[in-house]
Amino acid sequence: MHWLPQHRQVDTRSRERDIKGRIMTITENMPTKIIGTRLLRREDPPLLTGEAKFTNDLNIPGALHLAVLRSPYAHARIVSINTAAALAIPGVVAVYAGKDLQSTWAGPMPCAWPVTPEMKNPPHFPLAIDKVCYVGDGVAAVLATNETASRDALDAIDVEYEPLKAVVDLEEALSDKTIIHEGLGTNKSYIWNLKVEATEGCVDAAFAAAKYKVKERYVQQRLLPMAMETRAVAAVPQPFGGDITLYSSTQVPHILKVMTALTLGIPEHQMRVVAPSVGGGFGSKLNVYAEELLCTALARKHNTPVRWVEERSENSQATIHGRGQIQTIELAADDSGKITAVRVRIIADMGAYLQLVTPGVPILGAFLYAGVYDIPQAYDFSCTGVFTTLTPTDAYRGAGRPEATYAIERAIEALAHSMKIDSFELRKRNFIKKEQFPYTAFSGLTYDSGDHLLAAEKAAKIADYAGIRAQQEKQNVPGATKRLGIGMTSYFEMCGLAPSRVLASLNYSAGGWEAATVRILPTNKVQVVTGTSPHGQGHETSWAMIAAEKLGISPDDIDVLHSDTAIAPLGLDTYGSRSLPVGGVAVALACDKVIDKAKRIAAHQLECAAEDLEFANGTFSVKGSPDRALPLAAIAFAAFTAHNLPDGVEPNLEAQVSYDPPNFSWPFGTHMCVVEVDTETGAVKVLKYVAVDDCGVQINPLIVEGQVHGGVIQGLAQALFEEAVYDSDGNLKTTTLAEYLVPAASDVPPITTDFTVTPSPTNQLGVKGIGEAGTIGAAPTVINAIVDALAGLGVTNMAMPASPQTVWNTINNATRGGKK
């Protein structure tokens, strides 16, 4: 957490002359190129030394501790709640049921993405009132003077339930045999269609005329985000005036501030939200949760701080889950393998309620089921959002884009198999070509830049694609128990979540802009105030590098302030790989505005026209007369004293920008994976993983590589390890890390990263997002490699996660079917 430093004012002319003389040399020997260097992250030392303060580390005297009693049933009516025994426990201050707090809420919990006007959204309150709809649904809240008493009191609350039938299976939910929210009359939340046809009926016509057709069904299993830090909240009211500060391990302090104010009826200017150090989010902290609202409401009610921290098993049930889809994808192709039409049907698991962006997550992928391929206007996509009696789903690293990429890249493999050609060759025949960019897609969206063939060929060379194919001929012989496979994925990512007008067309409730302020202090130190809210992405380092490059000063002289709505009041936070292409560009634009103002002051002091000045390496000089120059340091001090400014120019060097991009950001790449599958045990060994990504200009390659590594590991985890498993009664069976298999360091294969650089033409930095790229590419790449290894045994598909048991069963089912 950052606080604005205090500076003394220089108040004498002699002191001013002395400082001006000394700061003339501040910009000497500054590096002329900072962007693109492998600068170590400034965020790491406090994290590695334990100095970083997370929400639960904050010392808040007198705070009451909140604990939430959660439903043990997936679907049940609440008959009665008896809290007398809980209230008798020493240290317990209050116990509340849902009905006790009904008048507290100005409205239900927010869903910011009503994807269709007809979308059904059942009211969802922080505590259930008459009915619970998933295991983990909050039923009662306890406040106590210590955490132990608050949790002990949960066991003393007596709740009588009337159990109802759980609805766990998506296709069963669609049948409406058991309606979860009776007032809706159906389990369908919405149906969202995207059908683009050059001529009416051309999709059906393309399938009718196709030489080759494939129809595939894939399941995106539910995943637990499992951030290292579970969620934590602390609400601290001011003793008078009604102001309140909410500390939360959130990705979205600005959005949380607005939504909390609306849900509780608090004047927004009295809400302050601070995100201290945040131990990972991956989308799971991109939300407005019941506990944040409960802490805020009860802190105001009792006029004392209230805090809560989530246990790991609680995190598995009460924090959103990711993915959860059944995908059906069909491809039509002519005799050369050129894809002529795409048809997609998605059943998306909403869980029991709609959280902040739950219904929009599958829609984010709706435009990408054609992948990186030159598809005509013959595209038919439909998504049905369905309620189940499970924990709500929402954004998880990639949010809709990994699901789409998985479907099209697995379907490409199926099409190549039906044609009996190599899938790499099939991709080459369908890639959007470099010379076609900027490319107007079937959807009307413009893909700004790309070179898919270059990225794919680079990955193939690093992975030794041809050599692996030759080795397979020798190794994958009849009777072989160790079979070799190679898989690939070529992906596009639509990220940045902007421009705002496009989001409006998708019924998204917020905009896509981002804000930044750049302030040069009198001694030429710089404050960058950003509306992004980092939690591992390295914004403090990268934003300082951008400003340093622009202003010609050292990154060490730049402080990046963020994640506190009192210090950075404008912002839309961090998610969807938007921070750099939106927030980082906003920082660059704010620097430009500061430089423009400084140029006017420099021109006035050098007695020349502003257009006669050039700015380089932190110094303004007269074109053709380099001896007539002023460093930015001198101008910053002059702007502070305001003794000699041009008419109409305000004192100080400061500029604020709200930047709304003209287009999404379009990173792309190709990943390849080499695996060895033991057919006797089903064990999969990843021998090599290659990621060739293109995120445009790289501000800090070290951070880029770290983001790719982390993303790849999470994609590998979906492919091989992770699954949120429920029984037929809606009980989550994988609530702890003893049952939910997160890959350890020893499970991670060598990852080779490389890049192509195709600058984005839509922003001045030429940058694109990178945080989700690895996750988007990894899962289909690994599964494609496993299926490739087992193709000779008749295996054509592999369910995720491809555990040894799943792989062994799939092999045996294929061989029992009479295939070799």
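Okay, residues lined up against (1) in contact with a helix residue (DSSP H, G or I) (Cβ under 8 Å, 6 or more places away or on another chain); (2) of a type outside the set (S, T, Y):
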position	(1), (2)
D729	no, yes
A738	no, yes
F755	yes, yes
Q764	yes, yes
G774	yes, yes
M798	yes, yes
P801	yes, yes
T806	no, no
N813	no, yes
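Note on the range 630-654: residues that are under 23 Å from P555 (Cβ atoms) and free of Cβ contacts under 8 Å to residues at least 60 places away in the same chain total 2.
Evaluation of K733 against the conditions (1) closer than 22 Å to Y73 by Cα; (2) touching a residue at least 24 places away in the same chain (Cβ under 8 Å) shows that the sole unmet condition is (2).
Those strands (runs of 3 or more DSSP E) of the range 118-235 in which 3 or more residues are within 30 Å of M419 (Cβ to Cβ) and not aromatic (F, W, Y) occupy 188-197, 212-223. Based on what the data block shows, is T574 of a type in the set (V, I, T), over 21 Å from Q698 (Cα atoms) and either open to solvent by 50 Å² or more (accessible area, probe 1.4 Å) or at pLDDT 95 or above (or both)? Judged against the criteria, T574 is not a match.
Taking each residue of the range 539-565 that is in contact (Cβ under 8 Å) with a residue 24 or more places away in the chain and looking for partners that are among the aromatic types (F, W, Y) and surrounded by fewer than 24 Cβ atoms within 10 Å (Cβ to Cβ) with beta-carbon atoms closer than 9 Å, six or more apart or interchain, yields G552/F615; L561/W3; D564/W3. For the range 104-126, does any single residue satisfy the condition of being crowded, with 22+ Cβ neighbours inside 10 Å, at pLDDT 95 or above and within 30 Å of D556 (Cβ to Cβ)? The answer is no, given that none of the residues of the range 104-126 is crowded, with 22+ Cβ neighbours inside 10 Å, at pLDDT 95 or above and within 30 Å of D556 (Cβ to Cβ).
What about V258, is it β-branched (V, I, T) and under 30 Å from Q714 (Cα atoms)? Spelling it out, it is not the case that V258 is β-branched (V, I, T) and under 30 Å from Q714 (Cα atoms).
Set side by side, the residues V692, V657, V697, V622 differ, and just one is crowded, with 24+ Cβ neighbours inside 10 Å and either in contact with a Lys or Arg (Cβ under 9 Å, 6 or more places away or on another chain) or free of Cβ contacts under 8 Å to residues at least 12 places away in the same chain (or both), which is V692. Selection of the range 260-280 for residues being part of a helix (DSSP H, G or I) and crowded, with 21+ Cβ neighbours inside 10 Å yields T260, T263. When G136 is tested against (1) open to solvent by 20 Å² or more (accessible area, probe 1.4 Å); (2) touching a Ser or Thr at 6+ places or on another chain (Cβ under 7 Å); (3) at positive phi, exactly one condition is not met: (1). Within the range 553-564, the set of residues being open to solvent by 10 Å² or more (accessible area, probe 1.4 Å) and either among the aliphatic types (A, V, I, L, M) or not in a helix (DSSP H, G or I) (or both) comprises S554, D559, H562. For first residues located in the range 502-528 and on the phi > 0 side of the Ramachandran plot, partners that are in a strand (DSSP E or B) and lie 6+ apart or on another chain with Cβ distances below 9 Å form the pairs N524/P631. One residue stands out in the range 290-306 among those that are open to solvent by 10 Å² or more (accessible area, probe 1.4 Å) and not in a helix (DSSP H, G or I): the one that is nearest to L224 (Cα to Cα), namely P305. Restricting the range 669-689 to residues that are open to solvent by 20 Å² or more (accessible area, probe 1.4 Å), assigned to a strand (DSSP E or B) and in contact with a Leu (Cβ under 9 Å, 6 or more places away or on another chain), the residue that is farthest from G711 (Cα to Cα) is E676. Looking at (1) buried (at least 23 other Cβ atoms within 10 Å of the Cβ); (2) in a helix (DSSP H, G or I); (3) modelled with pLDDT under 95, which one does V585 not meet, given that it meets all the others? Single failed check for V585: (3). Among the residues of the range 539-551, not a single one is surrounded by fewer than 21 Cβ atoms within 10 Å (Cβ to Cβ) and of a type in the set (S, T, N, Q).
Filtered by the rule that a residue be more than 18 Å from A510 (Cα to Cα) and small (G, A, S), the range 255-273 gives a lone residue, G265. Here G371 does not qualify as touching a Lys or Arg at 6+ places or on another chain (Cβ under 8 Å) and touching a residue at least 12 places away in the same chain (Cβ under 8 Å). Of all positions in the range 58-67, none carries a residue that is assigned to a loop (DSSP other than H, G, I, E, B) and in contact with a helix residue (DSSP H, G or I) (Cβ under 7 Å, 6 or more places away or on another chain). Scanning the range 704-735 for residues that are closer than 24 Å to A785 by Cα and among the aliphatic types (A, V, I, L, M), which turns out surrounded by the fewest Cβ atoms within 10 Å (Cβ to Cβ)? Within the range 704-735, the match that is surrounded by the fewest Cβ atoms within 10 Å (Cβ to Cβ) is I713. Here I35 clears all of (1) open to solvent by less than 50 Å² (accessible area, probe 1.4 Å); (2) farther than 30 Å from A544 by Cβ; (3) among the hydrophobic types (A, V, I, L, M, F, W, C) except the condition numbered (2).
Listed by first and then second residue, the pairs linking a residue in the range 415-442 that is closer than 11 Å to V372 by Cα to a residue that is of a type in the set (S, T, N, Q) and open to solvent by less than 20 Å² (accessible area, probe 1.4 Å), with Cβ atoms under 6 Å apart and 6 or more places separating them unless they lie on different chains, are R427/S490. Residues in the range 736-770 that are under 22 Å from the mean Cα position of the chain (by Cα), among the hydroxyl-bearing types (S, T, Y), open to solvent by less than 30 Å² (accessible area, probe 1.4 Å) and within 20 Å of I703 (Cβ to Cβ): S760 only. Looking across the range 783-803 at every residue that is more than 19 Å from N476 (Cα to Cα) and not polar (S, T, N, Q), the one that is most open to solvent (accessible area, probe 1.4 Å) is identified as A799. Looking only at residues of the range 169-190 that are within 10 Å of V386 (Cβ to Cβ) and among the aliphatic types (A, V, I, L, M), we find that the one that is surrounded by the fewest Cβ atoms within 10 Å (Cβ to Cβ) is L174. Screening the candidates S449, S490, S443 for the property of being touching a helix residue (DSSP H, G or I) at 6+ places or on another chain (Cβ under 8 Å), within 18 Å of F668 (Cβ to Cβ), of a type in the set (S, T, N, Q) and buried (at least 16 other Cβ atoms within 10 Å of the Cβ) yields one hit, S490.
The values are calculated or read from the model by the stated rules, or taken from the named source; none is laboratory data. Keep in mind the model is a prediction, meaning the values are calculated, not measured. Positions of Cβ are backbone-derived with ideal geometry, glycine not excepted, and every protein chain shown enters the neighbour counts. Surface areas here come from the heavy atoms of the whole protein model, side chains and all, with no ligands, DNA or RNA. Shrake-Rupley method; radii C 1.70, N 1.55, O 1.52, S 1.80 Å.
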